[in-house]
1. When ranked by the protection proxy of mean other Cβ atoms within 10 Å per residue, highest first, what sequence do the peptides C:11-20, C:88-97, C:121-130 form?
2. Tell me the net charge near A:N81. Cut-off is 15 Å between Cβ atoms, A:N81 excluded, with +1 for each Lys or Arg and -1 for each Asp or Glu.
3. Give me the Å³ per residue figure for the convex hull around the C-alpha atoms of the protein assembly as shown.
4. For each pair in A:K87/B:K87; B:K2/C:K87; C:K21/C:K128, compute the distance between the two Cα atoms and list the pairs where it is over 20 Å.
5. Grab the DSSP H runs of the protein assembly as shown that are 4 residues or longer, score each as -39,500 (n - 2.57), total them, divide by all residues and round the 222 nm result to the nearest 500 deg cm²/dmol.
6. Given Cβ point charges of +1 (Lys, Arg) and -1 (Asp, Glu) and nothing else, what value in debye, to the nearest 20, does the dipole of the stretch B:2-132 about its Cα centre take?
7. Could you work out the mean count of beta carbons from other protein chains within 10 Å of each residue's beta carbon in C:117-127?
8. If you bin the C-alpha pair distances of the stretch C:86-138 every 5 Å from 0, what whole percents do you get?
Amino acid sequence: MKETVMIQTHSRVEMIDITAKIQEVIDRSGVRDGICVVFVPHTTAAVTINENADPDVRNDIMAHLGEMIPPRRSFLHVEGNSDSHIKVSLTGSSGTVMVDEGRLDLGTWQSIFFCEFDGPRNRRCTVKVIGEKDVPHS
Amino acid sequence: MKETVMIQTHSRVEMIDITAKIQEVIDRSGVRDGICVVFVPHTTAAVTINENADPDVRNDIMAHLGEMIPPRRSFLHVEGNSDSHIKVSLTGSSGTVMVDEGRLDLGTWQSIFFCEFDGPRNRRCTVKVIGEKDVPHS
Amino acid sequence: MKETVMIQTHSRVEMIDITAKIQEVIDRSGVRDGICVVFVPHTTAAVTINENADPDVRNDIMAHLGEMIPPRRSFLHVEGNSDSHIKVSLTGSSGTVMVDEGRLDLGTWQSIFFCEFDGPRNRRCTVKVIGEKDVPHS
């Protein structure tokens with residue numbers, strides 16, 4: 001019932017639409033009615049739901065977060081990626097979406113995005129679908 | 001088991017207490033012990049849990065978010081509401097609260113708020129209650 | 001199935017690793033496969049998942065949040081802790097983690113942290129574990 005989805009990121013900060021991959025996990029689960037939890041097991045990457053139509057929305061989100069939370073010389077953490085960790089705690093490590101008739105119950109303009117804050121890296125997220133399956137007719 | 005709650009907002013930014021409406025969904029579900037997920041299917045509105053006693057808490061939250069994330073000429077998204085999208089990814093599109101003896105298990109001062117970041121609009125949220133119902137005595 | 005975990009905080013802002021306490025609740029629940037929801041019933045404290053290895057990550061997170069959201073004379077809420085309330089709506093009142101073979105399914109460097117934003121205080125969080133228990137062999 002739990003699956004791992006692999007994600008390859010390509011720059012330091014990036015939002016990648018993973019909606020189709022999550023839907024495939026739901027399809028394989030057979031759940032028709034329930035909830036789907038997406039969890040990011042990294043501390044410099046997160047998950048969010050936002051607009052999928054205009055890529056400039058993602059560009060504006062990442063650019064503004066970068067101005068609000070820049071890499072700073074005064075940060076104590078020696079790896080130099082405290083900005084990435086801070087962005088994770090504001091964006092969140094998990095997301096919950098309902099499943100209705102076997103489909104992610106997202107709004108018209110919504111997609112689920114994997115948020116890379118310290119890439120490029122090989123990343124993953126875990127997906128769990130909880131709910132009721134169709135009972136086959138006998 | 002899933003219900004849609006309609007919300008009419010009245011200004012560009014606004015926090016509306018939807019706790020009573022969510023409790024009504026739980027009442028109708030019959031679930032006594034479980035969790036309740038609230039999901040906002042919009043990309044310029046969100047959900048949060050915060051203080052309900054003093055309305056100035058909401059005023060301060062919305063005013064400070066507006067200063068941290070103002071509408072900016074430099075944003076690329078031509079609709080001019082990138083600030084609203086950014087606020088959504090920081091606040092979150094879903095909230096999970098426990099249900100205990102048929103009641104939302106909130107703290108004394110907590111309410112569930114629908115966060116309008118680009119109103120006024122006709123909005124909605126979806127509510128799902130998962131858990132065990134009372135078994136009637138025979 | 002729901003348990004309350006008590007937490008004593010020691011300063012105004014502080015991140016306390018509560019992973020071991022949450023794992024104990026899962027152990028007592030007997031759930032092997034499912035999800036665990038952690039909920040903070042306060043309006044000036046929150047929950048987040050982040051790095052546990054270097055304490056300077058927590059120090060940088062709390063210091064930067066304090067600069068982004070300082071206590072301000074212009075805030076209307078007379079208790080003087082609007083900064084704490086704002087931090088809660090950005091960090092979040094709940095967290096969801098999967099349970100796999102009876103263990104919290106966290107990444108290598110992840111812990112669950114209780115975020116105190118207006119301490120020191122006696123605090124608590126509620127924990128609910130949903131899922132399937134082991135069926136004992138007959």
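1. Order by mean packing, descending: C:88-97, C:121-130, C:11-20.
2. Charge balance near A:N81 sits at -2.
3. Looking at the protein assembly as shown, the number lands at 157 Å³ per residue.
4. Pairs exceeding 20 Å: B:K2/C:K87.
5. -8000 deg cm²/dmol, from helical runs alone.
6. The calculated dipole for the stretch B:2-132 is roughly 580 debye.
7. Going residue by residue through C:117-127 and averaging, the value is 1.
8. 4, 12, 20, 21, 16, 12, 7, 4, 2, 1, 1
Here, each number is a calculation from the coordinates, and none is a lab measurement. Here the structure is a predicted model, which means the values were calculated and not measured. Please note: Cβ atoms are built from the backbone with ideal geometry, for glycine as well, and neighbour counts cover all protein chains shown.
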